[in-house]
Amino acid sequence: MKKTNKDTGVILGIFMFFLSITAFSQDIIGSWKGSLEAQGQEIPLIFNIQKKDGILSSTMDSPQQGAFDISMDSTFFEENKLSIVFSQGGIKYEGILDKEKLTGTFYQGGMELPLNLTKTIKKKPGNTALPSSKETFEKIATFDDKSYKYSVEDYFRDPATSDFKFSPKGTYVSYREKDEKGKNHVYVKHTKTGKITRAIEEQDELIRYYGWANDSRLLYVKDNGGNENFQLFAANLDGSNNKALTPFDEVSVQILDFLKDQPDLIIVSLNKESKQVFEPYKLNIVSGDLEKLFENKDTSSPILDYRFDKDGNLRGYTKQQNGVDRALYYRTEKDKPFNQVLTTNWKETFRVIAFNYNTPYKHDAYVLSNLESNTNELVLYDLAKNEIIEKVYSNPTFDVGGFARSRKRNFEIDYYYYIGEKTRIIPVSDYYKKLHRKFEEQFGDKVFSIVDHTDNEEKYLILLETDRIYGTYYTYDVKEDTFTKILDMMPQLHEEDMAEMRPINFISRDGLKIYGYITIPNNIEGKKVPLILNPHGGPYGLRDYWGFNSKTQLFASRGYATLQVNFRGSGGYGKDFFLKGNKQIGRKMLNDLEDAVAYAKTLDFIDDEKIAIFGASYGGLATLGSLVKTPDLYTCGVDYVGVSNLFTFKDSFPEYWKPFMAQFNEQWYNSENESEQKIMEKVSPALHVDKITKPLFVIQGANDARVNINESDQIVQNMRARGIDVPYMVKYNEGHGFYHEENKVELYKTIIGFFAKHLK
């Protein structure tokens, strides 16, 4: 395997520089692409040079680092000689221009590496002529009355401090802290000395996840502008040995298992050999060495997941068959072949979630299954004999989510949990029952969750969340029997001012019981308020939850009620409810939304004439579909990274979705079936924009891997072709949703202004 060159860390870590120039030629303007070769590793770099106000400015892309549009430090171009200097990193590039080629050298830390650059075309995704101007959004935002107690920033700026985690032994606590530029860096604090060290610096690309690999090393994940090609990095507690562990272009990593007894090793999966399938590797988080553990070569019947035990042994895997079936394979001994245990369909659940280590018989596993029930139940299963040993826990209405175990106490089960109208925890072990009673005495009926604990179970990290509390961290010290409040993540939002999110349910027109939530503005006695219907994404298997929701709280602060509906096909309500969503996109799924609005109208406080719809992803498709299907029901709509055309959506799937095409055909619609082609045409809003008569606002992340920017471009182009102005916001550093703080704030300032313009 190729190893990451330790001397390339700074090269891969270049993130900020500004480029000035004393003399220039038009020939140097453009994008220049090349690759460094250092100890067998190729490191692609792109320099993008522009001219503005007589001055050349430039950015750099480092694809392996997942860093793009990085501002440069200083550059000179004179007599066909280009010189770029990054003083802080001790880096310099010098090259001679000959037509459309730069022949040069890259200098760093005593190294001299050849770096030849050729002119290339850097093109932004989508039709760059379509997005509206910044001034357009600023004008829309002015419709929001600025006299409210809480601003949009109050709801959507990132917490100043968040994401607390214990190191395994409890020697340190880590957290993310935002600087004055809005970057969320990772810090480590010694729990006894109080010494604080910045371990991970967030630069141009967002840190999507971080966590402890062991007591001395942290892992973190980034992608490129939201494209979901995730790369894994590691750093020591003092920030040293910061290493790109998976520096592969257009490859995504998934962390499968941490090996507690082998602290420098983890198991990951990568679509490195084929973009369509993932293979497991053992990864050394210090050296970066990779060892492939199993091959996944058959793209027609790929392995979908792997089951490793706590020692890192591959015990089983699930292989796709016929595009719609799942075959579970298991081996009883390490040197024995894998044998097929059972086959299920995608419509069924049989998911091994953990092996049972609290028994001498090693073939027992805990499984979430609905093979003998409607809802997912937790069962203990004998994988060698292919039979259920015991039905451990189930709920007749809601799917079981899983359980928590104690590694210290020989993997004893502490509690089960499921999500009904709210999250429910069912204590099991005597140890946890006592702990749970202490938590209930401390927090009352508020929803709390254990987000972390030390390996010795002497310290617990607890997060308190409600519909009115964004999140408050506490620690509980077992020996001292004391709770300590760490902080409120959003102290500017006062609990007493926030709105109630009320669980609801109603019966649909065809007799189906449907659950959801309505967030109700405060102090509305005797008033009628506008309603915003907010369908969730997915649509299959996802659902809305009870808890703090920044957008519904913002809407409530402006006097709008928000209705969230777990329509048929949503997850968490059992197999029957899930399957009732099959082939109902644009049909009965929209009926459920209409029935939810009808239910809301029976409440005393909804203004029947002022109803908006706003959704993201599938919710965006539901928004567009509703504006086509029932245009008189809604006053306006907001489509956020939404599908608009089922034909083009299907054609744009990323490669690793291709193995699921047969399931898509059964669950969504089959474009090869003539009758279903007609349904797809009917429920594709981009093909029926003539029926959209109400104001529409469209939002898109340019690098969206799930819903290609073409989906939003189509709607905007087709609407504008009819002479209808559609504000269109595109961010070129975002993917499937906006995550940069400044983008979130601008987005919701515009959305709340749009609603004020059309609902007030």
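What lysines does residue 678 reach when the alpha-carbon gap must be under 19 Å and sequence neighbours fewer than 8 apart in one chain are set aside?
Reachable lysines: 583, 588, 629, 650, 691.
Listed here are the pairs 92/292; 310/551; 527/580; 134/275; 92/122; 123/757; which of them are more than 29 Å apart at the Cα?
Working: 92/292 37 Å; 310/551 40 Å; 527/580 37 Å; 134/275 37 Å; 92/122 23 Å; 123/757 35 Å.
Over 29 Å apart, Cα to Cα: 92/292; 310/551; 527/580; 134/275; 123/757.
At R0 = 30 Å, how high is the FRET efficiency between residue 497 and residue 190 if r is their beta carbon distance? Nearest 0.05 is fine.
Values: r = 37 Å, r/R0 = 1.24.
Approximately 0.20, to the nearest 0.05.
Once you charge only the Cβ atoms, +1 for Lys and Arg and -1 for Asp and Glu, what is the size of the charge dipole of the chain about its Cα centre, to the nearest 20 debye? Provide the component values of the computation, followed by the final result.
Working: 98 positive and 108 negative charges, 109 e Å.
So the dipole magnitude of the chain works out to roughly 520 debye.
Only Lys, Arg, Asp and Glu count, each charged at its Cβ (+1, +1, -1, -1), so figure out the dipole size of the stretch 275-326 about its Cα centre, rounded to 20 debye.
Details: 9 positive and 9 negative charges, 23 e Å.
Roughly 100 debye for the stretch 275-326.
Would you calculate a helix-derived [θ] at 222 nm for the chain, using -39,500 (n - 2.57) for each DSSP H run of n ≥ 4 and dividing by the full residue count, to the nearest 500? Provide the component values of the computation, followed by the final result.
Values: 13 runs with 124 residues, N = 760.
Taking each H run of at least 4 residues, the total per residue is -4500 deg cm²/dmol.
How far apart, in nm, are the 7 Å Cα→Cβ label points at residue 142 and residue 647?
In this crude spin-label approximation the distance works out to 4.2 nm.
Mind giving me the FRET efficiency for residue 160 and residue 261? R0 is 41 Å, r the Cβ-Cβ distance, nearest 0.05 is fine.
Values: r = 37 Å, r/R0 = 0.91.
After rounding to 0.05, the efficiency reads 0.65.
Roll a 1.4 angstrom probe over the protein heavy atoms and tell me the percent of accessible area of the chain that is carbon or sulfur. Can you show the working numbers first?
Values: 14920 of 32500 Å².
Ligands and nucleic acids excluded, carbon and sulfur reach 46 percent.
Straight-line reach only, C-alpha to C-alpha below 13 angstrom: list the aspartates and glutamates that residue 195 could link to, leaving out same-chain residues fewer than 8 apart.
238
Kindly report the accessible area of the chain per residue (heavy atoms of protein chains, probe 1.4 Å, no ligands, DNA or RNA), in Å². Mind showing how you got there, number by number?
Numbers: 32500 Å² over 760 residues.
Normalised by residue count, the accessible surface of the chain is 43 Å².
Quick one: what are the phi-derived ³J(HN,Hα) couplings along the stretch 635-642, Karplus 6.51/-1.76/1.60 with θ = phi - 60°, whole Hz, x for glycine and proline?
7, 6, x, 10, 9, 10, 6, x
Quote the charge dipole size of the stretch 588-737 about the Cα centre in Debye, to the nearest 20; the model charges only the Cβ of Lys and Arg (+1) and of Asp and Glu (-1). Display every interim value, and only then the final one.
Numbers: 14 positive and 22 negative charges, 48 e Å.
The calculation lands at about 220 debye.
Could you tell me which of 538, 478, 522 has its Cα farthest along the dipole of the stretch 475-562 towards the positive end, charges placed at Cβ (Lys, Arg +1; Asp, Glu -1), taken about the Cα centre?
Among 538, 478, 522, the one farthest towards the positive end of the dipole of the stretch 475-562 is 538.
Work from the charge dipole of the stretch 635-760 (Cβ charges, +1 for Lys and Arg, -1 for Asp and Glu, about the Cα centre) and give the residue of 675, 698, 714 farthest towards its positive end.
698
As an exercise, use a Förster radius of 60 Å and the Cβ-Cβ distance of residue 422 and residue 721 to find the FRET efficiency, rounded to the nearest 0.05. Numbers along the way, then the final one.
Values: r = 47 Å, r/R0 = 0.78.
Here the calculated transfer efficiency is 0.80.
Considering only 620, 156, 605, whose Cα is most displaced toward the positive end of the charge dipole of the chain, charges sitting on Cβ of Lys, Arg (+1) and Asp, Glu (-1)?
Highest projection toward the positive end goes to 605.
Over the heavy atoms of residue 347, what accessible area does a 1.4 Å probe trace out, to the nearest 10 Å²?
That residue has around 80 Å² of solvent-accessible surface.
How far apart, in nm, are the 7 Å Cα→Cβ label points at residue 397 and residue 121?
Simple spin-label model gives 5.9 nm for this pair.
To the nearest Å, what is the center-to-center distance of the stretch 296-311 and the stretch 645-700, using C-alpha atoms only?
A separation of 30 Å, based on Cα centres.
Could you pull out every one of the lysines with an alpha carbon less than 16 Å from that of residue 422, ignoring same-chain neighbours closer than 8 positions?
446
What number comes out for the charge environment of residue 395, summing +1 per Lys or Arg and -1 per Asp or Glu over other residues with Cβ under 11 Å away?
Numbers: positive: 424; negative: 377, 399.
Net of charged neighbours comes to -1.
Return the long-range amide H neighbours of residue 606 (sequence gap of 5 or more, or a different chain), with a cut-off of under 5 Å between placed amide H atoms.
It is 529, by chain and number.
The values are calculated or read from the model by the stated rules, or taken from the named source; none is laboratory data. The structure displayed is predicted, hence computed values, not measured ones. As a convention, Cβ positions derive from the backbone with ideal geometry for all residues, glycine included, and neighbour counts pool all protein chains shown. When the accessible area is computed, the model is the full protein with side chains, heavy atoms only, and any ligands, DNA or RNA have been set aside. Shrake-Rupley method; radii C 1.70, N 1.55, O 1.52, S 1.80 Å.
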